[in-house]
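K.L.:
Submitted below is the structure of interest, expressed as structure tokens.
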Amino acid sequence: MKFLSAVHSSAQSAALILGAMCICLSMQIPASAQSSQAGEQKAKSSLPATAQRPWMNKTLPAKQRVEMLLKAMTLDEKITMLHGSGPCLEVWTDKCPMPIKGYVGQVPAIERLGIPHLTLADGRAGVGNKATDVTLLPAPIAAASSWDIELMSQFGHVLGKEQWDKGTNVTLSPTIDVVRVPEWGRTFESYGEDPYFNSRMAVVEIEGIQAEGSIADANMYLTMQQESDRFHADSVVDERTLQEIYLPPYAASIAEGHVGTFMCAYVKTNGVYSCENAHLLQDILRKQLKFDGWVMSDWGATHSTIDSANNGLDQQMPDASFFGEPLKKAVGDGKVAMATIDEHVRNILLPMFRQGLFDRQQPGNWDSKVRTAEHTAFSRKVAEQGTILLKNQDSLLPLRADASIAVIGEAGSTKPKAEGGGSSEVVAPYVISPFDGIGKRGKGKVTSADGDDLDKAAAAARAAEVAVVFVRTEETEGDDRPDLKLPNNQDALIAAVAAANKNTIVVLDTGGPVLMPWIDQVAGVIEAWYPGQEDGNAIAAILYGDVNPSAKLPLTIPRTAMAIPTSQKEQWPGVDGHSLYSEKLNVGYRWYDATGTDPLFPFGFGLSYTTFRVSHLVAEPAKLVLHSSTEPAKLKVTVDVTNTGKRAGAEVVQVYIGHPAENGEPPHQLRAFAKVQLQPGETKPVTLSLDARSFSTFDTAKHEWVTRAGTYQILVGTSSRDLPLHTAITAGHTGPTR
Ligand code: NOJ
């Protein structure tokens with residue numbers, strides 16, 4: 001016990017280091033330990049479906065196999081499954097070698113029973129934890145900006161395939177939390193600020209990952225909306241906001257994505273740490289959302305043995321400090337029931353069986369080369385499809401091939417900003433700089449200036465027809481940005497270049513929104529996010545018009561520092577450890593609309609090199625009768641979309657719902673979207689379906705979603721602030737919903 005508590009306290013102090021970076025560095029493993037990997041894989045492959053091990057019969061239902069196996073397990077074997085094999089939290093150091101090379105979390109195989117090991121690896125934009133020979137994809141926020149469900153599904157497939165081929169069987173991705181605070185250091189890892197939008201993206205990415213073999217681990221459950229003080233910060237949030245804004249991506253991940261596991265977060269929700277929060281883990285996740293997979297703790301997010309085990313944490317990661325010997329003792333002392341232990345093991349085994357981990361050979365290991373030419377092409381495609389054209393004065397873009405260009409700013413040449421920092425970091429096989437990409441594609445003279453010296457940058461801009469300034473933010477897990485300004489002298493750089501050349505285009509390599517005090521001085525602005533390894537090729541394709549931009553903002557870009565929903569320090573980063581979610585339902589564009597505040601660029605906005613028109617809105621039926629708040633596809637909304645310009649392009653049709661005033665909802669909320677490709681002059685009808693939930697609110701007294709009879713506005717257009725088509729329907733109900 002003495003030894004264990006020593007490990008535990010060193011682990012707790014390590015939590016700070018781990019969390020501040022959680023860069024999930026590669027582990028230095030002694031050669032002797034590495035050989036166990038081969039042994040385990042051999043054991044896995046030689047497991048017959050015998051009479052002694054009936055759970056190995058893959059024709060039986062997963063639930064039945066779980067119960068059979070559970071009966072055969074000893075307490076020690078059960079406990080083994082409930083924590084990671086890291087002897088301590090510092091899994092990336094020599095001090096804490098993990099048995100198998102590479103993976104940031106591991107659970108050993110139990111060969112006697114044919115239970116395969118679990119190998120967990122990070123990476124939201126490719127395999128992380130210092131793996132090599134992998135593809136660096138653009139940040140998830142870029143993929144989401146495509147508003148293209150098919151593209152996001154493929155994103156999951158590519159990430160999942162590389163993880164599986166690396167021997168990973170639990171992929172620690174995606175990050176599905178709603179972006180509440182624009183300064184959040186992990187904005188780039190997530191999808192955006194709208195619960196419905198995040199839900200759609202989460203479902204298809206999870207399906208994609210799991211279809212390739214590994215179990216997806218969606219994170220970080222729940223209210224992980226800031227990095228500041230993240231090990232202790234307490235999110236003070238009312239139940240309705242929790243249900244309507246922060247839970248929907250989790251609910252959809254369960255009901256539609258069939259996600260195998262969730263990671264509980266570092267922060268507290270209403271005073272209780274996420275990984276021992278009975279309301280979050282039991283009332284909501286198990287009873288309300290019927291989740292039957294497992295909850296693992298974030299690395300260092302477990303704070304207790306008895307409370308965590310009894311309140312719903314299934315597995316401690318990455319070590320055994322609470323769920324190893326202390327958990328066994330708690331069972332012996334009668335503080336944790338055997339039935340509780342069984343339930344945790346059951347929650348882990350069920351997704352393992354469902355996902356076929358007992359039945360399938362996993363070919364690769366950490367040293368496998370997994371990147372392919374196809375994945376490289378996909379990385380470029382995502383960057384092209386996720387790059388948003390925000391301003392294009394006098395149609396300066398696309399550029400003439402023979403225009404002379406000055407590429408200005410470090411991010412344009414010497415230091416391209418391809419990805420964000422933290423546990424999601426990927427070892428890029430290469431990064432094409434914008435200077436190289438533009439130089440390869442353009443036919444005119446291309447020069448560069450790194451931007452340190454403003455006079456030199458201005459001179460380079462003056463000497464070229466067009467100046468393209470690349471600016472960057474340094475976003476990383478473990479830190480929020482101090483404010484929304486571009487760091488260093490980049491605002492001054494843009495102003496100096498714009499003063500020297502009226503044809504100045506700014507390319508933002510940022511993970512989230514930035515303030516643009518120079519917006520009126522520049523001719524063009526492009527949000528390229530963190531674009532991955534194909535950075536330069538993708539931006540060249542956009543600049544020269546080989547690809548017609550069609551991405552849209554998944555979050556709002558504010559005009560000023562104060563004109564944001566969370567401008568008060570009580571809201572973010574919090575006072576005395578509490579972050580008040582006092583904006584309630586008014587997150588993101590909901591707040592701008594509710595308060596009549598003008599954003600600089602609204603949610604859903606993005607330009608193209610062509611133009612579009614939406615017309616002929618029809619919503620049917622005009623009188624909607626709902627039987628329950630979970631019915632799918634209740635209302636059909638049809639509009640015509642026309643490409644009114646001269647180039648082929650794609651537009652995203654967006655449908656927002658305005659509730660009757662007595663529902664107390666924000667002015668309007670996204671409930672459907674679809675992307676449509678159109679040739680010049682072409683018109684296509686687009687049909688979108690809205691589910692019953694679109695007309696529901698969460699009733700905290702009844703603790704359920706309800707639909708109130710009334711008139712609902714249907715607003716259709718191409719951004720949250722450009723909704724030219726309106727109609728109204730009445731919704732009523734029969735059956736269990738009031
Ligand atoms: C901490 C991060 O919050 C989480 O997202 C990550 O998966 C773990 N560290 C493991 O690296």
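K.L.:
With every protein chain kept in the model, how would you rank Ser368, Ser173 by accessible area, 1.4 Å probe, largest at the top?
P.N.:
From most accessible down to least: Ser368, Ser173.
K.L.:
Please work out the Cα center distance from the stretch 434-472 to the stretch 362-393, rounded to the nearest Å.
P.N.:
Taking the Cα centre of each part, the stretch 434-472 and the stretch 362-393 sit 25 Å apart.
K.L.:
May I pose another question? May I ask for the net charge around Thr387, where only other residues with Cβ less than 14 Å from the Cβ of Thr387 are counted and Lys, Arg are +1 while Asp, Glu are -1?
P.N.:
Here the charged neighbours net out to -2.
K.L.:
Taking Cα centroids, how far is the stretch 240-298 from the stretch 181-231 in Å?
P.N.:
That distance is 12 Å.
K.L.:
Please give the FRET efficiency for His703 paired with Asp342, using the beta carbon to beta carbon distance and R0 = 25 Å, rounded to the nearest 0.05.
P.N.:
E(calc), rounded to 0.05, equals 0.35.
K.L.:
If you don't mind, there's one more thing I want to ask. Under a 1.4 angstrom probe, counting protein chains only, how are Thr700, Thr718, Thr59 ranked by accessible area, largest first?
P.N.:
Details: Thr700 75, Thr718 25, Thr59 115 Å².
Ranked list, largest accessible area first: Thr59, Thr700, Thr718.
K.L.:
At 7 Å along Cα-to-Cβ for each site, give me the label-to-label distance between Ser615 and Asp229 in nm.
P.N.:
Once both label points are built, they end up 5.6 nm from each other.
K.L.:
Starting from the 7 Å offset along Cα-to-Cβ, what nm value, one decimal, do you get for the label separation of Arg462 and Glu570?
P.N.:
Placing both labels 7 Å along Cα→Cβ, they lie 5.3 nm apart.
K.L.:
Something else about it: Please report the antiparallel percentage of DSSP beta bridges with both residues in the chain, rounded to the nearest 5.
P.N.:
Close to 55 percent.
K.L.:
If I take R0 = 22 Å and measure r between the Cβ atoms of Ala377 and Gln677 in this structure, what FRET efficiency does the formula 1/(1 + (r/R0)^6) give, to the nearest 0.05?
P.N.:
0.70
K.L.:
Any number yet on Rg/Rh for the stretch 209-359, C-alpha, Kirkwood?
P.N.:
Taking Rg over the Kirkwood Rh, I get 0.96.
K.L.:
Which of the residue pairs Lys636/Lys684; Lys415/Lys440; Lys440/Lys646 have a Cα-Cα distance greater than 21 Å in the structure shown?
P.N.:
From the list (Lys636/Lys684; Lys415/Lys440; Lys440/Lys646), the Cα-Cα distance tops 21 Å for Lys440/Lys646.
K.L.:
Evaluate the distance, in nm, between pseudo-label points positioned 7 Å from the Cα of Arg647 and of Lys63 along their respective Cα→Cβ axes.
P.N.:
The answer from the label model is 5.4 nm.
K.L.:
When a/c is below 1.5 the answer is rounded, else prolate if a/b is larger than b/c, else oblate, so apply that to the stretch 449-546 with a ≥ b ≥ c taken from the square roots of the Cα gyration tensor eigenvalues.
P.N.:
oblate
K.L.:
How big is D, in µm² s⁻¹, for the chain by Stokes-Einstein at 37 °C and 0.692 mPa s if Rh is the Kirkwood radius over C-alpha pairs?
P.N.:
124 µm²/s
K.L.:
Could you sort Met317, Met68 by their accessible area in this structure, using a 1.4 Å probe and putting the largest first?
P.N.:
Listed by decreasing accessible area, they come as Met68, Met317.
K.L.:
Turning to a different aspect of this structure: Zone of Ser395 (label point 7 Å along Cα→Cβ, backbone N under 14 Å): which residues in the stretch 607-625?
P.N.:
Once the point is set 7 Å along Cα→Cβ of Ser395, 608-612 turn out to lie under 14 Å by backbone N, inside the stretch 607-625.
K.L.:
Counting residues in the stretch 336-422 as N, plug N into 2.2 N^0.38 Å and put the Cα Rg over that result.
P.N.:
Working: Rg = 24.5 Å, N = 87, 2.2 N^0.38 = 12.0 Å.
Rounded to two decimals, the normalised Rg is 2.04.
K.L.:
Provide the convex hull volume over Cα atoms per residue for the stretch 387-442, in Å³.
P.N.:
Hull volume over Cα atoms, normalised by residue count, gives 119 Å³.
K.L.:
Computed on alpha carbon atoms, what radius of gyration and Dmax characterise the stretch 147-196, expressed in Å?
P.N.:
12.9, 36
K.L.:
Over all directions, what mean area does the Cα convex hull of the stretch 607-693 project, stated in square nanometres? Walk me through the numbers on the way to the answer.
P.N.:
Values: hull surface 25.5 nm².
It is 6.4 nm².
K.L.:
Taking N as the number of residues in the stretch 114-174, what value does Rg over Cα atoms divided by 2.2 N^0.38 Å take?
P.N.:
1.17
K.L.:
Taking a quarter of the surface of the convex hull around the Cα atoms of the stretch 210-288, what do you get in nm²?
P.N.:
5.4 nm²
K.L.:
How much area per residue is accessible in the chain when the probe is 1.4 Å and only protein heavy atoms are counted (Å²)?
P.N.:
Ligands and nucleic acids excluded, the result is 34 Å² per residue.
The values are calculated or read from the model by the stated rules, or taken from the named source; none is laboratory data. As the structure is a prediction and not an experimental result, all values here were calculated from the model. Cβ: placed from backbone, ideal geometry, glycine included. Neighbour counts: every protein chain shown. For the accessible areas, the whole protein counts, side chains as well, though only heavy atoms, and no ligand, DNA or RNA atoms are used. Shrake-Rupley method; radii C 1.70, N 1.55, O 1.52, S 1.80 Å.
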